[in-house]
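Asker: This is the structure I have questions about; it appears just below.
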Amino acid sequence: MRFLLTTEQRAFADSLDAMLTAADTPSVVRDWSRGDQATGRALWRRIAQAGVFALAAPEAYEGVGPLPVELAVAFTELGRHAVPGPLVETVTATVLLTALDDPGPAKRRVPALVTGESTATVARAGSYALDGDTATTRLSLTADGALRLAPGHGPVRRSLDPARRLTLLLPGGELLAASPCFAHALLWARLATAAQALGVGLALLDRTVAYVRQRTQFGVPTGSFQAVKHRLADAKVALEFARPLVLGAAVTLDPGDVAAAKVTACEAAYATARTALQLHGAIGYTAEYDLSLWLTKARALRTAWGTPGECREVVLSGGGRRS
């Protein structure tokens with residue numbers, strides 16, 4: 001079976017790529033890391049206007065979805081350009097809110113998430129929420145399985161990825177649901193994370209290939225060395241193997257498929273990051289060099305919304321498939 005994107009899906013990816021390239025996302029990421037979110041907010045609104053967040057919301061809430069395949073296409077481009085902010089979390093919050101039996105919370109908050117006027121973050125009790133200090137909607141899944149609108153957040157902690165600001169959400173707040181359908185929202189979170197990681201890995205590979213063509217040793221480009229070619233080929237194969245798994249998981253939204261896509265894409269991106277760092281040499285370790293923006297993100301996404309071990313356990317258990 002061959003899975004190919006439609007002409008419209010490819011055009012959507014190309015339009016996002018062009019927009020994000022023009023936006024100079026490395027400078028946006030550095031601003032976001034310093035706490036200056038003006039450029040990031042402006043880019044966020046442009047991403048929303050392109051329809052990215054609407055893909056997760058039904059038409060009743062001003063969305064166009066649910067369209068998980070198009071969402072995977074979009075998040076691959078967001079990862080390719082290292083766009084900062086609670087992207088996955090905003091999608092997860094949208095899915096959570098629109099699945100509630102009471103449509104009230106979704107009607108009050110989802111349209112603003114779709115248009116980019118607000119952002120959201122989601123976290124389990126005791127877990128760190130991404131960008132909880134700036135998100136306008138903070139959803140907390142409490143220990144007893146309830147979904148609450150968190151009243152605030154704790155101190156900000158830095159992640160390995162400087163663009164990921166972590167906070168604990170304060171307990172209490174408005175009760176939205178006693179037992180929300182979190183399992184379905186988790187599928188969307190893992191799918192978006194997998195696609196984002198795939199994009200990060202592809203960007204790292206492209207940048208490394210370009211670098212080894214320019215860097216020379218013994219009077220020849222380092223990219224001509226057999227060992228370098230083998231490392232890059234391994235990274236390419238891993239990423240290309242992950243791509244159909246991500247798109248296939250978007251078609252089925254099966255827990256096992258999504259978990260397999262998440263672990264495969266994240267491990268491929270992480271392995272590509274290690275290869276990129278080694279082939280760049282000392283310059284790859286410097287925070288001033290743009291490569292670092294993707295290196296740190298590959299490591300952070302690897303454990304976001306499910307560690308490799310947790311995802312493998314889902315796959316080995318059958319992923320919820322019916323016998």
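Asker: As an exercise, find the ratio Rg/Rh for region 63-102 from alpha-carbon atoms, using the Kirkwood inverse-distance average for Rh.
Answerer: Numbers: Rg = 11.6 Å, Rh = 11.2 Å.
Value, to two decimals: 1.03.
Asker: Could you give each residue of region 149-156 its phi-based ³J(HN,Hα) in whole Hz, using Karplus coefficients 6.51, -1.76, 1.60 with θ = phi - 60°, and x for Gly or Pro?
Answerer: Residue by residue, region 149-156 yields 8, 4, x, x, 9, x, x, 7 Hz.
Asker: Could you state the number of Å between the C-alpha centres of region 117-177 and region 221-271?
Answerer: Region 221-271 and region 117-177 have Cα centres spaced 31 Å from each other.
Asker: Going by average Cβ neighbours within 10 Å, how do the peptides 217-226, 122-131 rank, with the highest at the top?
Answerer: Highest-to-lowest ranking by the protection proxy: 122-131, 217-226.
Asker: Whole Å is fine, so just give me how far the alpha carbon centre of region 277-323 lies from that of region 2-43.
Answerer: Each part's Cα centre sits 20 Å from the other's.
Asker: Here's another thing I want to ask about it. Using +1 at the Cβ of each Lys and Arg and -1 at the Cβ of each Asp and Glu in the chain, identify which of 72, 38, 270 lies farthest towards the dipole's positive end.
Answerer: The Cα lying farthest towards the positive end belongs to 270.
Asker: Just going by the charge dipole of the chain, with Lys and Arg at +1 and Asp and Glu at -1 on Cβ, which of 125, 280, 294 is farthest out on the positive end?
Answerer: Farthest towards the positive pole: 280.
Asker: Here's a follow-up. If N is the number of residues in region 228-323, what value comes out of its Cα radius of gyration divided by 2.2 N^0.38 Å?
Answerer: Taking N as the residue count of region 228-323, the ratio is 1.22.
Asker: What percentages, rounded to whole numbers, describe P(r) for the chain computed over all alpha carbon pairs with 20 Å bin width beginning at zero?
Answerer: Once binned at 20 Å, the Cα pair distances of the chain give 33, 58, 9, 0.
Asker: Mind ordering 260-266, 309-315 by average Cβ neighbours within 10 Å, highest first?
Answerer: Answer by packing, highest mean first, reads 260-266, 309-315.
Asker: With no solvent and one equal point scatterer per Cα, compute the Debye intensity ratio I(q)/I(0) for region 7-180 at 0.08 Å⁻¹ and report its log10, rounded to two decimals.
Answerer: -0.23
Every number here is computed from the coordinates shown, using simple stated rules; none is lab data. What you see is a predicted model, and the numbers here were worked out from it, not measured in a lab. Every residue, glycine among them, receives a Cβ derived from its backbone with ideal geometry; neighbour counts consider all protein chains shown.
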